[in-house]
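Quick one: the structure is below, questions incoming.
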Amino acid sequence: MQSISAEWRIVMETSNKDIKNTSLFKLGWPIFVQSLLSMCLGYIDTLMISNYSDTAVGGIGNANQIIGFLTLAFSIIASATGVIVAQYLGAKIKEKLNQIYTVSITFNLLLSGIISALILIFNQFILGLMKVPTSMLPDATSYMKIVGGFIFLQAIFDTFSQIFRSNGQTKIGMIIAIVMNLVNIAGNYMFLYGPLKYLHKGVEGVAISTTCSRFVAVIISIIFFIVKIDGQISIKYLIPFPYDVLKKLLKIGLPTAGENISYNIAQLIILSFVNSLSVVAVNTKIYATMLSNFAYLYSISAAMATAIVVGHSIGANEYDFAYEKVMSTLKKSMIISITIALINFLISPVTIGIFTDNTSVVNLGHKIMFICIFLEIGRTANLVIINSMRAAGDVKFPTYLGMASMWGVSVLLGYLFGIVFDFGLVGIWIAMALDEIVRGVVVYIRWKRGTWRGKRIVDKV
């Protein structure tokens, strides 16, 4: 046992040194590619179905936002797993890692079963609450039933992704994302334009392709875990059940997921505002969201890479190192993401025109992309700082701030500007930009003041 422990300490010392001192570019570029490809997974569906039916675009867009919100439940445990594992590795402690891996996978698997049942039973009710246009309901329903019915695949994949990243294995997620996109594209083509076209499955075929891509992702994740991660997932770590591990994962994960859940609830409410406007507004929102997401890809990948380093640094009690890493990342991310947002605005008539020839959608989308330049200022700060705060163990504050700002600014002002004052989608987008800016300023001040210091999780677990 002593020799095994000694060997582990050597492995961990080497691993921690490699991860903490690894350049953010080396850690971040695979995350960038993975984020791009993960985003494209949904966009490919939209692009390939856009030639099939306009209502199908809106139906899939609404269904994906609802499913995306429900899958946030998995982040409760998955995000906590990433934070704890990173700090444990930074502190060179192996104890309970296998229990954490096993409990997180098991919990999310059981939770996903409940969510799948809710989707299958209440999909019509949920779509009705979202005020999805009647013309889009059949497609939205079909997509939700198939993708939602196999949502456990997403739960498993999300958890494995956090495990890989916290261990510094960021390239694994990129490889899996590449395979997922290839499977999805091939499946979409076969159902929409290829040999399976005669089945006339349309949206159902797209949903099947998405589900198959996630199934493949889970299989590959299991293989990579066995080969690349020094750990085990086994039922033996559940006997007797480690309630202390689950309790502490929930204690960390609930506040961490709370900010994301609050954000997405707010987005669902805002979507209901948009659905009440017009089909033009619905489709413009979908296309504008797709394009604006490219602006923050660098920031989200850099933020995730920085969070890995911060987690390992905090585990090693190197707070100043973590502080400087975040400030450096923030400066670079702000410049790059805003530049991309500006370019995105300038070329938006062309890029939106790829998806539609409706001039009303193109013109409205161009206005929205201008607002996105200002939205990006706040969003970049939020992505970089909040992810690092969580990695440092400061998990409650983002939740409180998110709830206050998102509901008090984004939702409230979105309703006032968009509906009451009749500014439409432009007014709603202005409110969302103000929300991001307010939160960005607050978290920047908190990081500068160092309030996050001393919240090291590994000491409490």
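The values are calculated or read from the model by the stated rules, or taken from the named source; none is laboratory data. All figures in this text were calculated on a predicted structure; none of them were measured in a lab. Neighbour counts run over all protein chains shown; Cβ positions are idealised from the backbone, glycine included.
Scan the helices (runs of 4 or more DSSP H) fully inside the stretch 360-461 and keep the ones with 2 or more residues being touching a helix residue (DSSP H, G or I) at 6+ places or on another chain (Cβ under 8 Å), hydrophobic (A, V, I, L, M, F, W, C) and buried (at least 19 other Cβ atoms within 10 Å of the Cβ).
Where helices (runs of 4 or more DSSP H) fall fully within the stretch 360-461 and carry at least 2 residues being touching a helix residue (DSSP H, G or I) at 6+ places or on another chain (Cβ under 8 Å), hydrophobic (A, V, I, L, M, F, W, C) and buried (at least 19 other Cβ atoms within 10 Å of the Cβ), they are 397-405, 424-449.
Is it fair to say Tyr189 is out of contact with any helix residue (DSSP H, G or I) (no Cβ under 8 Å at 6 or more places or on another chain), closer than 27 Å to Ser53 by Cα and assigned to a helix (DSSP H, G or I)?
Taking the combined requirement at face value, the residue does not satisfy it.
Yes/no matrix, rows are residues, columns are (1) of a type in the set (S, T, N, Q); (2) within 22 Å of Thr306 (Cα to Cα); (3) over 21 Å from the mean Cα position of the chain (by Cα):
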{"site": "Ala80", "(1), (2), (3)": "no, yes, no"}
{"site": "Leu109", "(1), (2), (3)": "no, no, no"}
{"site": "Gly113", "(1), (2), (3)": "no, no, no"}
{"site": "Gln124", "(1), (2), (3)": "yes, no, yes"}
{"site": "Val132", "(1), (2), (3)": "no, no, yes"}
{"site": "Ser135", "(1), (2), (3)": "yes, no, yes"}
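Looking at Phe69, Phe122, Phe107, Phe150, can you tell me which residue is in contact with a Ser or Thr (Cβ under 8 Å, 6 or more places away or on another chain) and either surrounded by 17 or more Cβ atoms within 10 Å (Cβ to Cβ) or not basic (Lys, Arg) (or both)?
From the options Phe69, Phe122, Phe107, Phe150, the qualifying one is Phe150.
So, one more: Could you tell me whether any residue of the stretch 258-272 is under 28 Å from Ile223 (Cα atoms) and touching a residue at least 12 places away in the same chain (Cβ under 8 Å)?
no
Residue check, Leu346 against (1) within 18 Å of Pro30 (Cα to Cα); (2) out of contact with any Gly (no Cβ under 9 Å at 6 or more places or on another chain), all met but one. Which one?
(1)
Whether any residue in the stretch 43-54 is among the hydroxyl-bearing types (Ser, Thr, Tyr), under 16 Å from Pro242 (Cβ atoms) and either modelled with pLDDT under 85 or surrounded by fewer than 19 Cβ atoms within 10 Å (Cβ to Cβ) (or both) is what I want to check.
No, every residue in the stretch 43-54 fails to be among the hydroxyl-bearing types (Ser, Thr, Tyr), under 16 Å from Pro242 (Cβ atoms) and either modelled with pLDDT under 85 or surrounded by fewer than 19 Cβ atoms within 10 Å (Cβ to Cβ) (or both).
Only one of (1) in a helix (DSSP H, G or I); (2) more than 30 Å from Val362 (Cα to Cα) fails for Leu291. Which number is that?
(2)
Would you point out the residue of the stretch 248-280, among those that are part of a helix (DSSP H, G or I) and among the polar types (S, T, N, Q), that is surrounded by the fewest Cβ atoms within 10 Å (Cβ to Cβ)?
Ser272
Here's another thing I want to ask about it. Quick one: in the stretch 311-329, of everything that is closer than 16 Å to Ile84 by Cβ and under 24 Å from the mean Cα position of the chain (by Cα), which residue is surrounded by the fewest Cβ atoms within 10 Å (Cβ to Cβ)?
In this case the residue turns out to be Ser313.
In the stretch 255-269, is there at least one residue being out of contact with any Pro (no Cβ under 8 Å at 6 or more places or on another chain), more than 20 Å from Leu70 (Cα to Cα) and not hydrophobic (A, V, I, L, M, F, W, C)?
no
Within the bounds of the stretch 332-349, is there any residue that is crowded, with 16+ Cβ neighbours inside 10 Å and assigned to a loop (DSSP other than H, G, I, E, B)?
No, that holds for no residue.
Another one. Suppose we filter the stretch 160-183 for residues that are over 18 Å from the mean Cα position of the chain (by Cα) and closer than 14 Å to Val218 by Cα; how many remain?
Number satisfying all stated conditions: 2.
Going by what's in this entry, would Ile229 be described as loosely packed, with under 15 Cβ neighbours inside 10 Å, of a type in the set (Val, Ile, Thr) and on the phi < 0 side of the Ramachandran plot?
Here the answer is no, as Ile229 does not meet what is asked.
Residues to consider are Leu250, Leu268, Leu238; find the one that is modelled with pLDDT of 85 or more and under 22 Å from the mean Cα position of the chain (by Cα).
Sole residue among the options that is modelled with pLDDT of 85 or more and under 22 Å from the mean Cα position of the chain (by Cα): Leu250.
Which one is modelled with the highest pLDDT among residues in the stretch 25-42 that are within 14 Å of Val309 (Cβ to Cβ) and surrounded by fewer than 19 Cβ atoms within 10 Å (Cβ to Cβ)?
Filtering the stretch 25-42 for residues that are within 14 Å of Val309 (Cβ to Cβ) and surrounded by fewer than 19 Cβ atoms within 10 Å (Cβ to Cβ), the one modelled with the highest pLDDT comes out as Lys26.
Between a residue in the stretch 193-217 that is farther than 18 Å from Asp139 by Cα and at pLDDT below 90 and any residue that is of a type in the set (A, V, I, L, M, F, W, C) and assigned to a helix (DSSP H, G or I), which pairs come within a Cβ distance under 7 Å, given they are 6 or more apart or on different chains?
From residues that are farther than 18 Å from Asp139 by Cα and at pLDDT below 90, the pairs are Leu196/Met190.
Can you tell me which of (1) out of contact with any helix residue (DSSP H, G or I) (no Cβ under 8 Å at 6 or more places or on another chain); (2) in contact (Cβ under 8 Å) with a residue 40 or more places away in the chain is the one Phe125 doesn't meet?
Exception for Phe125: condition (2).
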